[in-house]
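The values are calculated or read from the model by the stated rules, or taken from the named source; none is laboratory data. Not measured: the values here are computed from a predicted model. All Cβ positions, even for glycine, are placed from backbone atoms using ideal geometry, and neighbour counts span all protein chains on display.
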Amino acid sequence: MIKKCLFPVAGYGTRFLPATKSMPKEMLPVVNKPLVQYGVEEAIEAGLTEIGLVTGRGKRAIADHFDVSYELEHQINGTSKEQFLSSIREVMSKATFSMTRQQEMRGLGDAILNGRRLIGDEPFGVVLSDDLCMSEEQGVLAQMVQLYKQFRCSIVAIQEVPEDQISKFGVIAGEKLKDGIFQVTDMIEKPPAEEAPSNLAIIGRYILTPDIFEIIENTEPGKNGEVQLTDALLTQAKSGCVLAYKFKGTRFDCGSVDGFVEATNHVYNNYYLKGKA
Ligand code: G1P
C-alpha cells in the first residue's frame, strides 16, 4: 500500500512578499494552522504517514513545526492553552518526517526527483500545499488512494477551470473511463487557452508510480526552462497509463492572495466557528 507522501516546499512564495521574505509561504496560517499542516493532515487521513519534505534555504520553520518545541511546551503544559497544540501533537504522533534539500529551483519535476531517496521504489503521493483542498467527506488524497487500489497507475487530480484561468495550470486531454475518471492521452504545462486540449486543469495532488523518477531524469526542461512533472507524466501516459480524477471537494489557490482570503473565510466559517478547527 501507499505509505509515503512528498511535499515540495522549496518555492519562494513571491506573490506574498513581503510576508514571505523570511518566512516560508507554507507556514502562512489559514486561520490557526499553517498551510502545510492541512496538506499533511490530508495525507495522514489517506494513510500516507511517512512524509518527505523537499525543502530549500530559508525553510527551517517547516521542519521545526513538525518537531517538539521544548520551551514552549514546558511553559504551557497543564494550562488551558495546551489545547491549542492538540492538532499538531496528533499529526506528530501519527506521521514521521524526513527532509531533503533542493539546491536549485529547477521545476516541480526536479523537486520530485530530489525526493527519490526518501521514496525508493514504491508508489507515493505528492501534495502541493499551495492548493488547499477541503472536502465534506473523504479528503482528496484518500479518494485518489482508493482509485489507485483499483487501477495501480499514476493519478493526477483535476478540476474544470474557466477559460481565463487555463494558462495557470497543467491541462489534460483524456478518454473518459467512468464518471470523473479519464485515461490521459495528452498533457500540456500552462498552455495558452487557445492551445489547451480541454478545460481540465491539474490540481496539486498526485499519486505517482516510482518509474516516474527515471522518466524525469530523461525529461528535458520545458515550460519556463524548468523540468516539468507534466511532461514526465505525458511520457508515462504514452508508454503505460496515467489517470486524471475529478475529485470531490473544493480547492483554494492559496498561492494567490485572493484564493488565500477565500480559503481563510471558508475555514473560519465552516470549521473554526463550528468548533471543528
Ligand atoms: C504546478 C504544476 C501544474 C499544476 C499546478 C497546480 O504548477 O506544474 O501542472 O496545474 O501546480 O497548482 P505551479 O502552480 O506550481 O507553477
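Here are some notes:
- Unique match (being in contact (Cβ under 8 Å) with a residue 24 or more places away in the chain, more than 17 Å from the chain's Cα centre (by Cα), within 19 Å of Y206 (Cβ to Cβ) and surrounded by fewer than 18 Cβ atoms within 10 Å (Cβ to Cβ)) among R106, R117: R106
- Looking only at the stretch 163-184, residues that are more than 13 Å from the ligand (Cβ to nearest atom) and either over 15 Å from V242 (Cα atoms) or in contact (Cβ under 8 Å) with a residue 60 or more places away in the chain (or both) come to 9 in all.
- Residues satisfying the criterion are present in the stretch 36-50 (criterion: part of a strand (DSSP E or B) and under 24 Å from M1 (Cβ atoms)).
- Set side by side, the residues G275, G249 differ, and just one is more than 21 Å from the chain's Cα centre (by Cα) and away from the ligand (no atom under 13 Å from the Cβ), which is G275.
- Just one of the listed residues (A111, A10, A43) is in contact with a Cys (Cβ under 8 Å, 6 or more places away or on another chain) and touching a residue at least 60 places away in the same chain (Cβ under 8 Å), and it is A43.
- Of the residues making up the stretch 204-214, at least one is within 11 Å of the ligand (Cβ to nearest atom), modelled with pLDDT of 95 or more and in contact with a Cys (Cβ under 7 Å, 6 or more places away or on another chain).
- Selected residue (criterion: nearest to the ligand (Cβ to nearest atom)) from residues of the stretch 95-105 that are among the hydroxyl-bearing types (S, T, Y) and touching a helix residue (DSSP H, G or I) at 6+ places or on another chain (Cβ under 7 Å): T100
- Among the residues of the stretch 1-54, just one is within 16 Å of the ligand (Cβ to nearest atom), within 16 Å of the chain's Cα centre (by Cα) and surrounded by fewer than 16 Cβ atoms within 10 Å (Cβ to Cβ), namely Y12.
- Output for the stretch 75-97, where each listed residue is surrounded by 10 or more Cβ atoms within 10 Å (Cβ to Cβ), over 18 Å from V36 (Cβ atoms) and not polar (S, T, N, Q): I76, K81, E82
- A Cβ distance below 6 Å, combined with a sequence gap of six or more or placement on separate chains, defines the contacts here; from the stretch 185-206, residues that are closer than 23 Å to L132 by Cβ reach residues that are small (G, A, S) and near the ligand (Cβ under 7 Å from one of its atoms) in the pairs E189/G170; I202/G170.
- Within the stretch 147-160, the residues that satisfy the criterion of being under 14 Å from K246 (Cβ atoms) and surrounded by fewer than 21 Cβ atoms within 10 Å (Cβ to Cβ) are L147, Q159, E160.
- For the stretch 106-134, the tally of residues that are on the phi < 0 side of the Ramachandran plot and within 11 Å of the ligand (Cβ to nearest atom) stands at 12.
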